[in-house]
1. What does the accessible area per residue of the range 141-222 come to in Å², with a 1.4 Å probe and no ligands, DNA or RNA counted?
2. Quick one: if the Förster radius is 35 Å, what FRET efficiency do V113 and E167 give, using the C-beta to C-beta distance and rounding to 0.05?
3. Say the cut-off is 20 Å between C-alpha atoms; which of K44/K71; K119/K219; K44/K120; K47/K203; K142/K183 go over it?
4. Give, as a single signed number, the net charge of other residues whose beta carbon lies under 11 Å from the beta carbon of I85, with Lys and Arg counted +1 and Asp and Glu -1.
5. Compute the length gained on full extension between N185 and I208: take 0.36 nm times their separation in residues and subtract their Cα-Cα distance, giving the result in nm to one decimal.
6. Mind running the shape call on the range 63-112? Use the C-alpha gyration tensor, a ≥ b ≥ c as the square roots of the eigenvalues: rounded below 1.5 for a/c, prolate if a/b tops b/c, oblate otherwise.
7. How far apart, in nanometres, would the label points at K144 and D175 be if each is projected 7 angstrom from Cα along the Cα-to-Cβ direction?
8. If amide H atoms are built 1.01 Å from N in the plane of the peptide, which residues on other chains or at least 5 residues away come under 5 Å of the amide H of K150?
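The values are calculated or read from the model by the stated rules, or taken from the named source; none is laboratory data. As the structure is a prediction and not an experimental result, all values here were calculated from the model. Cβ sites come from the backbone with ideal geometry, for glycine too, and all protein chains shown count toward neighbours. When the accessible area is computed, the model is the full protein with side chains, heavy atoms only, and any ligands, DNA or RNA have been set aside. Shrake-Rupley method; radii C 1.70, N 1.55, O 1.52, S 1.80 Å.
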Amino acid sequence: MKMLKKAAAVVLAAAMSLVMLTGCGGGSSGTQYKLAKVLGASEKTGKMFMDVTVENVNGYSVDAKTATDSKSGKTIMAIGEKGEIYDMYMSTKDGAVYEIDSNDDSESEEIDVSKLYWKKVSANATFAAASSAVPSSEIISKLKVNPEYKYGNETYYAEILSDQSMEIAYCFSGDTLVYVVVKANGMTIGEKVNSISATFPEKVNNDIPVSYDTLMNLKTVG
């Protein structure tokens, strides 16, 4: 579980780097970048939903779904395996990190939304590095292009964002974003991109029939 939570932090880092890009006019000033074109629709809606499979985490794969609202600076991430949700986190633009909790002590299988809330948790270094959603007009210009980026046994065209604590490579097959490779805290995490959308699904999944917009507006404690 410790490894899973550490990997979750790295996944959230990638999601937050994407919201910084969508908030800074990526679809206009950075049209020469493939990533800017991928995120063009999200720039208009202010929303981005990303479904990835995080490969080879402690010997198995983890599903991660992130919903980001660039206007509020909130990102919600649900992580699990084979359709089941293990944990849900929310990061806010002030750097705080929360995990979902409930005051519902009943044995009912139905979720009482009125009793859900976000409980503040300690943010590790990766969360702290990733949790600023304040857009910067210089982000796009800081992308570095590597036409022969190697990940696994393949070579990709990649657009890379890096600073002192993290490197994130957005790997393309043609114009399609296929992998996000994150290097942080001594870890290298490969995220296979299943889908990216400029809208949120109506519910998290069948077991958690709550919209991401509803979750983002729950109260926070701590």
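1. Working: 4530 Å² over 82 residues.
About 55 Å² of surface per residue is accessible.
2. On the way: r = 39 Å, r/R0 = 1.10.
After rounding, the FRET efficiency stands at 0.35.
3. Working: K44/K71 11 Å; K119/K219 9 Å; K44/K120 30 Å; K47/K203 15 Å; K142/K183 17 Å.
Correct reply: K44/K120.
4. Values: positive: K65, K82; negative: D63, E81, E84, D87, D207.
Once positives and negatives cancel, what remains is -3.
5. Working: separation 23, 0.36 × 23 = 8.28 nm, distance 3.15 nm.
Extending this stretch completely gives an extra 5.1 nm.
6. On the way: a/c = 2.59, a/b = 1.51, b/c = 1.72.
Because a/c hits 1.5 or more and a/b fails to exceed b/c, the range 63-112 counts as oblate.
7. A separation of 2.7 nm, rounded to one decimal place.
8. It is Y156, by chain and number.
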